[in-house]
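Visitor: Here's a structure for you.
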Amino acid sequence: MRIRAEKDFWAGLLYVLLSAGFLWLGRDYKMGVASRMGPGYFPIVLGWTLGAFGVVSIVRSFLTDGAPIGKIAWKTLAWVSAGVLAFGVLITTAGLLFALPVLVLLSSLASAESRYDLKGLLILLGLTLFCVLVFVKGLGVPMPVLGSWFDGIVPPTWQR
């Protein structure tokens, strides 16, 4: 048998590998049920779902014709990865108000079509405000709005 759709094959393999990772990481958590989910419910369900999509994609890669894989966009991959890493580092030290704009700005460097103008700035500010209101205030996600850099400078209630 010959791989006829390279993109489907490699995407499917990536899904299967991610699936294995989620299943392995979630193996020691309590599963719970759909009406009362435990901490292992999401990684296990996500793992099995990704695994199923991966297997279907791999099987399809042998049955249908598809385009070959082109060259890897290393610059794009580097900028998006840098944005995610910066977010991970800044979320605890600077807080969501600074980490999210850094993530968006670094990731936007991956595209030649990005524009830095007033409209983009307003969208970025709106996105940041939306995330603070919905995730931190509304859903109670334990993420600091302002991180440890601001200890003693702002009231503690602003940091949650």
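Visitor: Looking at A82, A110, which is the one that is touching a residue at least 24 places away in the same chain (Cβ under 8 Å), under 30 Å from K7 (Cβ atoms) and not in a helix (DSSP H, G or I)?
Guide: Details: A82 fails: not in a helix (DSSP H, G or I).
That would be A110, the only listed residue that is touching a residue at least 24 places away in the same chain (Cβ under 8 Å), under 30 Å from K7 (Cβ atoms) and not in a helix (DSSP H, G or I).
Visitor: Note down all Cβ pairs under 6 Å where the first residue falls in the range 119-144 and is assigned by TED's automatic domain parsing to the domain that holds P101 and closer than 18 Å to T93 by Cβ, the second is among the aromatic types (F, W, Y) and surrounded by 11 or more Cβ atoms within 10 Å (Cβ to Cβ), and they're at least six residues apart or on different chains.
Guide: Listed by first residue and then by second, the contacts come to V141/F135.
Visitor: Take the range 1-36 and flag every residue that is among the hydroxyl-bearing types (S, T, Y) and in a loop (DSSP other than H, G, I, E, B). Walk me through it before giving the result.
Guide: Within the range 1-36, the first condition is being among the hydroxyl-bearing types (S, T, Y), and the residues that meet it are 15, 19, 29, 35.
Passing the criteria: Y29, S35.
Visitor: Can you find a residue in the range 97-109 that is within 25 Å of V132 (Cα to Cα), exposed (fewer than 13 other Cβ atoms within 10 Å of the Cβ) and either in contact with a Ser or Thr (Cβ under 7 Å, 6 or more places away or on another chain) or assigned by TED's automatic domain parsing to the domain that holds P144 (or both)?
Guide: Initially, the range 97-109 is screened for residues within 25 Å of V132 (Cα to Cα), giving 97-109.
With exposed (fewer than 13 other Cβ atoms within 10 Å of the Cβ) added as a condition, the list becomes none.
Within the range 97-109 (the criterion being within 25 Å of V132 (Cα to Cα), exposed (fewer than 13 other Cβ atoms within 10 Å of the Cβ) and either in contact with a Ser or Thr (Cβ under 7 Å, 6 or more places away or on another chain) or assigned by TED's automatic domain parsing to the domain that holds P144 (or both)), the answer is no, since none of the residues qualifies.
Visitor: Within the range 52-61, can one find any residue that is surrounded by fewer than 14 Cβ atoms within 10 Å (Cβ to Cβ), among the β-branched types (V, I, T) and not in a helix (DSSP H, G or I)? Write out each step before concluding.
Guide: Within the range 52-61, the first condition is being surrounded by fewer than 14 Cβ atoms within 10 Å (Cβ to Cβ), and the residues that meet it are 52, 56, 59.
The next check asks that each one be among the β-branched types (V, I, T); those that pass are 56, 59.
This time we only want the ones that are not in a helix (DSSP H, G or I), so: none.
Scanning the range 52-61, I find no residue that is surrounded by fewer than 14 Cβ atoms within 10 Å (Cβ to Cβ), among the β-branched types (V, I, T) and not in a helix (DSSP H, G or I), so the answer is no.
Visitor: Which numbered condition trips up K137, out of (1) closer than 13 Å to F98 by Cβ; (2) modelled with pLDDT under 90; (3) part of a helix (DSSP H, G or I)?
Guide: With (1) closer than 13 Å to F98 by Cβ; (2) modelled with pLDDT under 90; (3) part of a helix (DSSP H, G or I) applied to K137, the lone miss is (1).
Visitor: For the list (1) exposed (fewer than 11 other Cβ atoms within 10 Å of the Cβ); (2) of a type outside the set (S, T, Y); (3) within 25 Å of F150 (Cβ to Cβ), I need the number of the one condition that I91 fails.
Guide: Checking I91 against (1) exposed (fewer than 11 other Cβ atoms within 10 Å of the Cβ); (2) of a type outside the set (S, T, Y); (3) within 25 Å of F150 (Cβ to Cβ), the one that fails is (1).
The values are calculated or read from the model by the stated rules, or taken from the named source; none is laboratory data. Quantities reported herein were computed from a predicted structural model and do not represent experimental measurements. Don't worry about glycine lacking a Cβ; one is built from the backbone with ideal geometry, like all the others, and counts go over all protein chains shown.
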